[in-house]
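Colleague: Dropping a structure here in structure tokens format, bear with me for questions.
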Amino acid sequence: MENLYLNMEKVFMASSSNSIVNDTAEPKLISKAHKAFLRKLYLCYLISQQQQNLLSLHQISKMPRRTIQDTLAAMLDIGVKITFIQDGERHNAGYYQLKDWGPINYQWVEANIADICQQLDIDIP
């Protein structure tokens with residue numbers, strides 16, 4: 001399996017690459033920083049597909065809620081703007097909205113979501 005880290009620059013460019021994995025079946029270990037970056041891409045993808053709140057993101061991704069909260073809080077580190085839209089009287093009633101992908105190439109993420117999920121050991125949405 002081709003190391004996804006080497007292909008991260010394609011996320012930031014308009015790349016026509018369709019896959020980030022080659023034909024070998026050997027799993028590669030990824031760094032904590034790389035895994036954190038992939039989590040950001042994955043959550044951005046989920047939020048861009050439909051309205052999501054913390055509970056729905058937790059149910060879909062099986063990530064701990066605190067991990068999701070920390071990941072969403074760190075989105076500005078990569079230039080992605082996500083806001084929480086209050087929808088009700090309760091403090092946590094609402095949903096996340098992706099306002100700006102920043103330098104991330106949405107088409108690349110969409111085309112490679114299966115490989116991203118595989119690297120994170122998460123079921124494909």
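The values are calculated or read from the model by the stated rules, or taken from the named source; none is laboratory data. Bear in mind the structure is a predicted one, so any value in this text is a computation, not a measurement. Cβ placement follows ideal geometry from the backbone for every residue including glycine, while neighbour counts extend to all protein chains displayed.
Colleague: Surrounded by 12 or more Cβ atoms within 10 Å (Cβ to Cβ) and either at pLDDT 95 or above or under 12 Å from the mean Cα position of the chain (by Cα) (or both) - does that describe any residue in the stretch 21-34?
Modeller: Checking the stretch 21-34: at least one residue is surrounded by 12 or more Cβ atoms within 10 Å (Cβ to Cβ) and either at pLDDT 95 or above or under 12 Å from the mean Cα position of the chain (by Cα) (or both).
Colleague: Does at least one position in the stretch 92-102 carry a residue that is at pLDDT below 95 and polar (S, T, N, Q)?
Modeller: Yes, that holds for at least one residue.
Colleague: Are there any pairs with C-beta distances below 9 angstrom linking a residue in the stretch 64-89 that is touching a residue at least 24 places away in the same chain (Cβ under 8 Å) and within 12 Å of L43 (Cα to Cα) to a residue that is β-branched (V, I, T) and in a helix (DSSP H, G or I), with the two at least 6 apart or on different chains, and if so which?
Modeller: L72/I47; I82/I47
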